[in-house]
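Only one structure is covered here, and it is reproduced in the block below.
The values are calculated or read from the model by the stated rules, or taken from the named source; none is laboratory data. If you're wondering where the values come from, they're calculated on a predicted model, not measured in any experiment. Note: ideal-geometry Cβ built from the backbone for every residue, glycine included; neighbour counts use all protein chains shown. We work out accessible area using only protein heavy atoms, side chains counted, and drop any ligands, DNA or RNA first. Shrake-Rupley method; radii C 1.70, N 1.55, O 1.52, S 1.80 Å.
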Amino acid sequence: MEFEHRISINASAANIFAIYENVDAWSSWDPDVKSASIDGLFEAGAMGKLKPINGPESKILLTEVVKDKLFTVTSRLPLCKMTFEHVLEPNGKDTAVLHKVSFTGLLSPIFGRLIGTGISKGLPHTLRGLKLAAESGCKDVS
């Protein structure tokens, strides 16, 4: 089961990726995140924690990171894995941004319905927050 949402942001992929790399500040633009942190650098293999506004704190793992292009975070649930993909595609002066969450494993249909639908409803708000953060006077690093 998967859910995805897209938005176009008037900023470079490098500028947006710099916002992603500042994990401690995710809560400043993502209304569904109370706090987030990682141990070490923003690279594949880094472990961290994410506390959503509604829900328990979860351990997260950065499973794939390609600077200025994408990053993927996974979190384990009972008999299920939740994966968040964040993809940046330059499009002229704008960047197309995709956020996708998917559930795999034996209990994925249950977790997809229990928490996936709520996450899906929040993704447009998250993307609007990211757009505002990227477009609100932040110096473009490209």
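Heavy-atom accessible area for L77, with the other protein chains in place and a 1.4 Å probe, reaches approximately 40 Å². Here K59 is the anchor, and the lysines within straight C-alpha reach of less than 30 Å, apart from those fewer than 8 places off in the same chain, are K34, K49, K51, K67, K69, K81, K100, K121, K131.
Find the centroid of the Cα atoms in region 78-100 and in region 1-62, then give the distance between the two in whole Å. The distance from the Cα centre of region 78-100 to that of region 1-62 comes to 11 Å. Taking the charge dipole of the chain about its Cα centre, with +1 at Lys and Arg Cβ atoms and -1 at Asp and Glu Cβ atoms, the residue from H125, A44, L70 reaching farthest to the positive side is H125. For L41, project a label point 7 Å along Cα to C-beta. Then give me every residue of region 62-96 with its amide nitrogen under 13 Å of that point. Of the residues in region 62-96, 65-67 have backbone N under 13 Å from the label point off L41. Mind checking region 82-115 for trypsin sites (Lys or Arg not before Pro) that DSSP puts in a loop (not H, G, I, E or B) and that have at most 16 other Cβ atoms within 10 Å? When the trypsin sites (Lys or Arg not before Pro) of region 82-115 are filtered for loop state and at most 16 Cβ neighbours within 10 Å, K93 remain. Binning all Cα-Cα separations of the chain at 5 Å, short to long from zero, yields these whole-percent fractions: 2, 10, 19, 25, 22, 14, 6, 2, 1, 0. Inverting the pair-averaged 1/r between distinct Cα atoms of region 1-82 gives 13.7 Å as its Kirkwood hydrodynamic radius. Of the GluC sites (Glu not before Pro) found in region 53-90, those that fall in a DSSP loop while having at most 14 other beta-carbon atoms within 10 Å are E57. When the helices of the chain are scored as -39500 (n - 2.57) per DSSP H run of n ≥ 4 and the total is divided over every residue, the value at 222 nm lands at -7000 deg cm²/dmol. Taken per residue, the accessible surface of the chain reaches 55 Å², heavy atoms only and a 1.4 Å probe. Could you work out what % of the accessible surface of the chain is carbon and sulfur, using a 1.4 angstrom probe and leaving DNA, RNA and ligands out of the count? That fraction is 56 percent. Counted residue by residue at 0.36 nm each, then reduced by the alpha carbon distance between them, the extension gain from N91 to D24 reaches 21.3 nm.
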